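The values are calculated or read from the model by the stated rules, or taken from the named source; none is laboratory data. None of the values given here were measured: they were computed from a predicted structure. Note: ideal-geometry Cβ built from the backbone for every residue, glycine included; neighbour counts use all protein chains shown.
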Amino acid sequence: MASFFLYPKDLKFAVQIYPMKKPIFLLSLASILVSCSNDVERAITTDLQVEGRELFRTSLALEEGLRYAFYSFEEYHQALTDTLPGCPLIEISEFEQKVKLTFSNDPNCPSQKVRRTGVINLDFFSFNLRDRRVLLRYEDYQVNDFKIQGERVFDSFSNGDNQNSWMESFEDLVILDQFDNSTKITGNYEHQLLKVDNRIQSFTSSGNLSGRNLTGRPLRMTQIAPRQYVINCLDEGFVIARAGEEVWEIFRTSDRSLAHRLTLSIEDICNTKVAIQLSDGRLLSFSY
């Protein structure tokens, strides 16, 4: 972009003295305006890509801790550090019915597909023989280059012999990026667990959430198809669902939003591809 600027009186003077160069000047002015327009367009494009990466980060934050909520208190008693995804140190309080998982990003852990440090606290509450609650709390917890703050509540209700229904809720869950910019979300999910011989084989998750993104804009997620998980893959350290589809809206004003579509698909037995189609049609891809 040109570094000079002509004030109105200068412009008049230039036109009067050099009448034959008026078309050239107008062409130069037009090129400046086009250049500025392109700069603005590039800025908007960058914002969409940032939004897409933020959606993936938020999605990953919600997924990677799910497996820990679905172990029973009795299963934690039988577990060893290297039998849990991420190989956390396991501390159990029998009297308080609490489990503390401390992660250290152990490079020798065979099930470490994402880097975890910090603590996940699990509080177990039993209401009767079948129904119970698990409170999952994050403490100085980080996954890869982002942090998670807050807590999530999981309530289980029996639904037949082979399937359990879990209702999850969380409020003002915070995800901080590497620059401490925060995404804040509130949501509700239903998780349907399929069990065989009292062992979880797979589960599906569906729900919705709302909140604000890292720039302060309101966001909303609507589920199109539930997420599907296989326990064997989660136990090996894979954290992303093998299927699912969602629409994430980022609001520019109270009644105008841009919609990004997130789709999960399986690449092989446990590896999953995450595709985010931005509102302008371009595609971002992630895999784990």
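Please tell me if SER158 is among the polar types (S, T, N, Q) and modelled with pLDDT under 95.
Details: among the polar types (S, T, N, Q): yes; modelled with pLDDT under 95: yes.
When the stated conditions are applied, SER158 passes them.
Need the failing condition index for MET221 against (1) under 15 Å from the mean Cα position of the chain (by Cα); (2) closer than 26 Å to ASP82 by Cα, just the number.
So the condition that MET221 fails would be (2).
Buried (at least 18 other Cβ atoms within 10 Å of the Cβ), in contact with a Lys or Arg (Cβ under 9 Å, 6 or more places away or on another chain), of a type in the set (A, V, I, L, M, F, W, C) and over 23 Å from ILE250 (Cα atoms): does that describe VAL119? Reasoning before the result, please.
Values: buried (at least 18 other Cβ atoms within 10 Å of the Cβ): no; in contact with a Lys or Arg (Cβ under 9 Å, 6 or more places away or on another chain): yes; of a type in the set (A, V, I, L, M, F, W, C): yes; over 23 Å from ILE250 (Cα atoms): yes.
For VAL119, the condition - buried (at least 18 other Cβ atoms within 10 Å of the Cβ), in contact with a Lys or Arg (Cβ under 9 Å, 6 or more places away or on another chain), of a type in the set (A, V, I, L, M, F, W, C) and over 23 Å from ILE250 (Cα atoms) - is not met.
Report whether or not LEU209 is crowded, with 19+ Cβ neighbours inside 10 Å, out of contact with any Phe, Trp or Tyr (no Cβ under 7 Å at 6 or more places or on another chain) and either charged (D, E, K, R) or over 20 Å from ASP140 (Cα atoms) (or both).
yes
Of the conditions (1) surrounded by 15 or more Cβ atoms within 10 Å (Cβ to Cβ); (2) over 27 Å from GLU96 (Cα atoms); (3) at pLDDT below 95, PRO218 fails just one. Which one is it?
The one condition PRO218 does not meet is (3).
Suppose we filter segment 167-189 for residues that are in a strand (DSSP E or B), surrounded by 15 or more Cβ atoms within 10 Å (Cβ to Cβ) and among the charged types (D, E, K, R); how many remain?
Total meeting the criteria: 2.
Any residue at all in segment 230-246 that is surrounded by fewer than 17 Cβ atoms within 10 Å (Cβ to Cβ), at pLDDT 95 or above and within 17 Å of PRO218 (Cα to Cα)? First the steps, then the outcome.
Within segment 230-246, the subset surrounded by fewer than 17 Cβ atoms within 10 Å (Cβ to Cβ) is 232, 235-236, 243, 245.
Among the residues that remain, those that are also at pLDDT 95 or above are: 232, 235-236, 243, 245.
Subset that is within 17 Å of PRO218 (Cα to Cα): none.
No, segment 230-246 contains no residue that is surrounded by fewer than 17 Cβ atoms within 10 Å (Cβ to Cβ), at pLDDT 95 or above and within 17 Å of PRO218 (Cα to Cα).
Which one is nearest to the chain's Cα centre (by Cα), of the residues in segment 77-118 that are farther than 16 Å from ILE231 by Cα and hydroxyl-bearing (Ser, Thr, Tyr)?
Within segment 77-118, the match that is nearest to the chain's Cα centre (by Cα) is THR117.
Give segment 212-240 a look and list any residue that's in contact (Cβ under 8 Å) with a residue 40 or more places away in the chain, part of a strand (DSSP E or B) and closer than 15 Å to LEU62 by Cα, or say none.
ARG227, TYR229, listed by residue number.
Pairs only if they're at least six apart or on different chains, beta carbon under 6 angstrom, first in segment 241-261 and without any contact (Cβ under 8 Å) to a residue 24 or more places away in the chain and at negative phi, second part of a loop (DSSP other than H, G, I, E, B) and surrounded by 15 or more Cβ atoms within 10 Å (Cβ to Cβ); list them, first residue then second.
ALA259/SER279
Does GLY118 satisfy the criteria of being on the phi > 0 side of the Ramachandran plot and either at pLDDT 95 or above or of a type in the set (Gly, Ala, Ser) (or both)?
Numbers: on the phi > 0 side of the Ramachandran plot: yes; either at pLDDT 95 or above or of a type in the set (Gly, Ala, Ser) (or both): yes.
Against the criterion (on the phi > 0 side of the Ramachandran plot and either at pLDDT 95 or above or of a type in the set (Gly, Ala, Ser) (or both)), GLY118 qualifies.
Any chance you could count how many residues in segment 274-288 are assigned to a strand (DSSP E or B) and either modelled with pLDDT under 95 or among the aromatic types (Phe, Trp, Tyr) (or both)? Before you say what the answer is, go through the steps one by one.
Here is the first cut: in segment 274-288, the residues assigned to a strand (DSSP E or B) are 274-277, 283-287.
Those left that are additionally either modelled with pLDDT under 95 or among the aromatic types (Phe, Trp, Tyr) (or both): 286-287.
Residues flagged as assigned to a strand (DSSP E or B) and either modelled with pLDDT under 95 or among the aromatic types (Phe, Trp, Tyr) (or both) within segment 274-288 amount to 2.
For residues that are free of Cβ contacts under 8 Å to residues at least 60 places away in the same chain and in a strand (DSSP E or B), tally how many sit in segment 190-208. It would help to see each step written out before you state the result.
Keep residues of segment 190-208 that are free of Cβ contacts under 8 Å to residues at least 60 places away in the same chain, which gives 190, 192, 194-199, 201-202, 204, 206-208.
Narrowing further to those that are in a strand (DSSP E or B): 190, 192, 194-196, 199, 201-202, 204, 206-208.
Going through segment 190-208 one residue at a time, the tally reaches 12.
List pairs: first in segment 271-288 and without any contact (Cβ under 8 Å) to a residue 60 or more places away in the chain and charged (D, E, K, R), second in a strand (DSSP E or B) and surrounded by fewer than 17 Cβ atoms within 10 Å (Cβ to Cβ), Cβ under 8 Å, 6+ apart or cross-chain?
Listed pairs, sorted by first residue: LYS273/SER265; LYS273/ILE266; LYS273/SER285; LYS273/SER287.
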